[in-house]
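Remarks on the structure that follows.
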Amino acid sequence: MRRHEREIMRYILRMTRDREDALDLFQETWLRAYRAYPRLDSAAGLRPWLFRIATNLCLNHTRDHARRARVISGEEFEAGGRADRAGTGGSPDGVIDLRAKIGKLPNKQRQALVMRKLGGLDYGEIAAALGCSEEAARAGVYLAMKKIKGAE
């Protein structure tokens with residue numbers, strides 16, 4: 001656990017962008033890993049397996065969060081939407097808000113990018129964690145980088 005806990009926590013934090021949610025999901029990741037450890041295929045590798053558990057939990061969290069957001073009244077939604085757009089344009093100094101750009105990426109591309117650039121995983125590990133081919137993992141990182149660079 002100690003070997004991977006920092007990178008798993010950083011990954012979850014970047015995916016959720018909320019410390020409290022990330023701490024809950026981090027704890028749930030380790031609980032699920034502990035329960036499922038006897039069934040782990042050692043050939044698949046521990047690191048991608050842990051990222052897969054964390055990814056699934058983050059996807060579930062995002063889906064549940066989106067469902068709750070739909071309950072907000074139309075007026076509250078409009079007010080929140082204007083505030084969000086105003087806050088993602090970068091700082092007054094013109095510094096680009098990279099977090100906002102990453103946050104706007106589709107889930108698979110954001111996950112692949114965070115795993116590769118911030119987590120240091122190779123494409124095989126990303127593919128195992130996301131349940132896709134290595135080529136799809138490469139494409140996800142490439143497309144994410146292209147979108148971020150194109151948004152400048």
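For segment 92-143, compute the orientation-averaged projected area of the C-alpha convex hull (one quarter of its surface), in nm².
On the way: hull surface 15.0 nm².
Seen from a random direction, the Cα hull of segment 92-143 projects 3.8 nm² on average.
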E5-Y34 pseudo-label distance in nm [points 7 Å out on the Cα-to-Cβ vector]: 1.2
Residue-by-residue Karplus 3J(HN,Hα) for segment 139-144, coefficients 6.51, -1.76, 1.60, Hz, glycine and proline x: 4, x, 5, 4, 5, 4
J(HN,Hα) series, segment 128-136, from Karplus relation 6.51 cos²θ - 1.76 cosθ + 1.60, nearest Hz, glycine and proline x: 5, 5, 8, x, 9, 7, 4, 5, 5
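Computed from the coordinates by the stated procedures, all read-outs in this text should not be read as laboratory data. These figures come from a predicted structure and were not determined experimentally. Backbone-built Cβ (ideal geometry, glycine too); neighbour counts: all protein chains shown.
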